[in-house]
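Everything below concerns the one structure shown next.
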Amino acid sequence: MNRKNERRRWNGMSIFDLEDGDFIFGSGDTGFDSDGHMMNRMSDNMAFDLDTGEIHMVSGWDDDDEDDW
């Protein structure tokens, strides 16, 4: 099994939130930060906090799809 397939099988990642220093634990385009806020991926380096309505800059939300936001 190659590395890309292994990552898809696990389908989990952690992203660092540069705005407040939290980690986001994501799967696909949705995740939760270490404060329990639900986050939605907007682009590779931007996430939307669904609880507060704030936009956060993040370290990088890896996208396995070919669309390359």
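Using the Cβ-Cβ distance between Met13 and Ile55 with R0 = 22 Å, the FRET efficiency computed as 1/(1 + (r/R0)^6) comes to roughly 0.65.
Here the 3J(HN,Hα) profile of the range 39-50, calculated from phi with Karplus coefficients 6.51, -1.76 and 1.60 at θ = phi - 60°, is 10, 10, 5, 9, 7, 4, 10, 9, 9, 9, 7, 6 Hz, Gly and Pro shown as x. Put simply, the amide H of Met42, placed in the peptide plane, has neighbours under 5 Å in Ala47, Phe48, leaving out anything fewer than 5 places away on its chain. The H on the amide N of Phe23, modeled in the peptide plane, is under 5 Å from the matching H of Asp17, Ser34, each at least 5 residues off or on a different chain.
Bear in mind that the values in this text are calculations on the coordinates, not laboratory data. Bear in mind that the values here come from a model prediction, so they are computed numbers and not experimental data. Note that each Cβ is placed from the backbone with ideal geometry, even for glycine, and that neighbours are counted across all protein chains shown.
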